[in-house]
Amino acid sequence: MNKQREVPHAVSGAFVFLLLGMFAVFSTVLVLLGARAYRSISARSAVNDTSRMASYYLRSMLRAEDAQDAVSLRTEEGLEVIALHHTYDGEEYITRVYVYDGMLRELFTEADMEFEPENGEEVCPAQSMTAAAENGLLTVRVETDAGWNEVCLALRGAAIEGGTP
């Protein structure tokens, strides 16, 4: 007669639990590594987005005001300011773009109002800004967390007043 040997069930049960335990440990490790990679990519993406935002914002603002004598470079309250001049219903207004308190800011006011830099709307984080105009070419450099970004524009209709503030 054939007698089959029975394998003890305790060993096979322990083997199944060992496999399940290893699966759980490796799954947890994989999730933790994925979370770390996601945080790293997210942080780098945020820095790059801020960098691009400053450039895109400046380009769009300057292109929108591409008219004769609409752009001037100034120093006000010790800050370098790009002043964009507008006339609406016979009233003169100024949009000032500048860096103050770690932020690129925009302040839209009537032309005769006093400049108060803390009242500007925050656009994006920035440490500093320099602007210069030479031969009709406006060059603006903004320092963000990602480094320096340079925007060079030859404004079609604008004579840039002020040169280097």
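The values are calculated or read from the model by the stated rules, or taken from the named source; none is laboratory data. Here the structure is a predicted model, which means the values were calculated and not measured. Neighbour counts run over all protein chains shown; Cβ positions are idealised from the backbone, glycine included.
Here are some notes:
- Exactly one residue out of Glu134, Glu150 is under 20 Å from Arg59 (Cβ atoms) and at pLDDT below 85, and it is Glu134.
- Residue within the range 80-95 that is loosely packed, with under 12 Cβ neighbours inside 10 Å, farther than 21 Å from Leu153 by Cβ and among the polar types (S, T, N, Q) present: yes
- Remark: Asp49 matches the filter, which requires a residue to be modelled with pLDDT under 80, over 15 Å from Ile94 (Cα atoms) and acidic (Asp, Glu).
- Residues in the range 39-79 that are under 18 Å from Leu155 (Cβ atoms) and outside any helix (DSSP H, G or I): Glu65, Asp66, Ala67, Gln68, Asp69, Ala70, Val71, Ser72, Leu73, Arg74.
- Test: residue in the range 102-116 that is among the hydrophobic types (A, V, I, L, M, F, W, C), touching a Phe, Trp or Tyr at 6+ places or on another chain (Cβ under 6 Å) and surrounded by 14 or more Cβ atoms within 10 Å (Cβ to Cβ): no
- Looking only at the range 94-147, residues that are touching a strand residue (DSSP E or B) at 6+ places or on another chain (Cβ under 9 Å) and part of a strand (DSSP E or B) come to 34 in all.
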